[in-house]
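Everything below concerns the one structure shown next.
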Amino acid sequence: DGTTVETLMRNADLALYRSKDEGGGVHFTYEPALHAHAEERRKLEFSLRRALERNEFILNYQPVVDAESEQIVSFEALIRWNSEEHGLVSPAKFIPLAEDTRLIVPIGEWVLREACRQATTWPEQVKVAVNVSGEQLLEVNFIASVVSALSMSGLPASRLEIEVTESIFVRDASQARTALEQVMALGCSVALDDFGTGYSSLGYIRNLRFSTITVDRSF
């Protein structure tokens, strides 16, 4: 898979990264498609690093409806990327890339600020839910970013819900719990999203006062 040391090393690395992406414990040989995938990823990353300053992100909102009254009780903020170079990029593509490169932290802060700002124009009984990744939650300045988003927008803390998944407890359970307890102390609510797609540990539910738990239909 190459006639020079540099090419052999690059191609071996690409096969190794593919193995890691699959969770390890398997091996892959080099294929030209791996190089094409890596090149696409490199171009996406380059564009993603400039997306914030170019104002290429937008928020869509998914309503949460009370099953009995049929009234809208909240909206979940969903980030979308309309790239100048790549057009509309699927969140399934750019969110994992943002997490790998830690760009998810500044992007997540933007989502928090923008969602709070827009929510102030809604009826006062309607809340806004914002997804927070593990990378973002474990940042030292996370609580400060929540406080800043609330104070800049004027949105009451009781109208903001932070959504997390089980994966945040895997890396540093104690730090994650501390951060979420601080969020609750501000007056915000915390939701456990997609329960049943990860470790499905009832311990997470017992140890924290989640206001909402969404259960994956496969579970």
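The values are calculated or read from the model by the stated rules, or taken from the named source; none is laboratory data. No experiment lies behind these values; they were computed from the predicted model shown. Note: ideal-geometry Cβ built from the backbone for every residue, glycine included; neighbour counts use all protein chains shown. To get the accessible areas, we keep the full protein, side chains included, count just its heavy atoms, and leave off ligands, DNA and RNA. Shrake-Rupley method; radii C 1.70, N 1.55, O 1.52, S 1.80 Å.
At a glance:
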item	result
Residues of the range 168-200 classified as in contact with a helix residue (DSSP H, G or I) (Cβ under 9 Å, 6 or more places away or on another chain), without any contact (Cβ under 8 Å) to a residue 60 or more places away in the chain and open to solvent by less than 60 Å² (accessible area, probe 1.4 Å), total	14
First in the range 201-219 and without any contact (Cβ under 8 Å) to a residue 12 or more places away in the chain, second anywhere and in a loop (DSSP other than H, G, I, E, B) and open to solvent by less than 50 Å² (accessible area, probe 1.4 Å), Cβ under 9 Å, 6 or more apart	217/196
Residue within the range 112-125 that is open to solvent by less than 10 Å² (accessible area, probe 1.4 Å), part of a helix (DSSP H, G or I) and in contact with a Gly (Cβ under 6 Å, 6 or more places away or on another chain) present	no
Those residues of the range 77-111 which are assigned to a strand (DSSP E or B), open to solvent by 30 Å² or more (accessible area, probe 1.4 Å) and not aliphatic (A, V, I, L, M), in sequence order	80, 82
Scan of the range 126-140 for residues that are under 16 Å from residue 184 (Cα atoms) and open to solvent by 60 Å² or more (accessible area, probe 1.4 Å), ordered by number	131
Hits in the range 127-150 (condition: within 20 Å of residue 171 (Cβ to Cβ) and either in a helix (DSSP H, G or I) or more than 15 Å from the chain's Cα centre (by Cα) (or both))	134, 135, 136, 137, 140, 141, 142, 143, 145, 146
Test result for residue 64, closer than 20 Å to residue 119 by Cβ and in contact with a Ser or Thr (Cβ under 6 Å, 6 or more places away or on another chain)	yes
In the range 25-50, the residues that are surrounded by 15 or more Cβ atoms within 10 Å (Cβ to Cβ) and part of a loop (DSSP other than H, G, I, E, B)	28, 30
The lone exception for residue 53 - which of (1) free of Cβ contacts under 8 Å to residues at least 40 places away in the same chain; (2) within 18 Å of residue 92 (Cα to Cα); (3) within 21 Å of the chain's Cα centre (by Cα); (4) open to solvent by 50 Å² or more (accessible area, probe 1.4 Å) it fails	(2)
Unmet criterion (only one of (1) open to solvent by 20 Å² or more (accessible area, probe 1.4 Å); (2) part of a loop (DSSP other than H, G, I, E, B); (3) in contact with a helix residue (DSSP H, G or I) (Cβ under 7 Å, 6 or more places away or on another chain); (4) farther than 18 Å from residue 112 by Cα) for residue 213	(2)
Filtered residues of the range 1-24 (kept if open to solvent by 60 Å² or more (accessible area, probe 1.4 Å) and touching a Ser or Thr at 6+ places or on another chain (Cβ under 8 Å))	1
